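The structure appears right after this line, and notes come after that.
A short reminder: the numbers here are calculations on the coordinates, not readings from a lab. Here the structure is a predicted model, which is why all the values come from computation and not from measurement. Methodologically, a virtual Cβ is constructed for each residue, glycine included, from the backbone with ideal geometry; neighbour enumeration extends over all protein chains shown.
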Amino acid sequence: MTLSQSQYIEDILECHGMVNCHPVKTPMKSRLSLPVLTEPKVDVMVYQQLIGSLMCVMVCTCSNISYAVGIVAHHVAAPGHIHMKAVKHIYC
């Protein structure tokens with residue numbers, strides 16, 4: 001038995017304009033420090049949707065991204081461009 005979420009991941013990438021992304025071996029640099037913002041600089045709803053999608057993939061089939069998802073999930077209240085870039089790096 002094999003579990004795969006490749007179609008789900010492809011749908012997420014298409015929905016967020018990341019169809020041309022390429023897989024990466026490491027979803028995040030170790031010891032990456034993301035700044036804590038007091039107010040959001042990007043659309044909070046879009047950021048939260050991306051984090052939720054990543055959590056679904058992480059729990060169901062790709063536990064190797066759990067560290068990276070945990071780091072970016074800390075910033076769902078006030079994400080900025082650097083946080084969005086980190087999220088996109090997990091996908092791409």
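A few remarks follow.
- Selection from region 17-47 of residues that are in a loop (DSSP other than H, G, I, E, B) and either among the charged types (D, E, K, R) or free of Cβ contacts under 8 Å to residues at least 24 places away in the same chain (or both): 17, 19, 20, 25, 26, 29, 30, 31, 33, 39, 41, 43
- Entry remark, region 3-18: residues being out of contact with any Cys (no Cβ under 8 Å at 6 or more places or on another chain) and either of a type in the set (Gly, Ala, Ser) or loosely packed, with under 10 Cβ neighbours inside 10 Å (or both) number 4 in total.
- Taking the criterion of being of a type in the set (A, V, I, L, M), more than 17 Å from residue 18 (Cβ to Cβ) and in contact with a Gly (Cβ under 9 Å, 6 or more places away or on another chain), the residues of region 31-57 that qualify are 34, 37.
- Looking only at region 48-80, residues that are under 24 Å from residue 7 (Cβ atoms), touching a Ser or Thr at 6+ places or on another chain (Cβ under 8 Å) and not in a helix (DSSP H, G or I) come to 1 in all.
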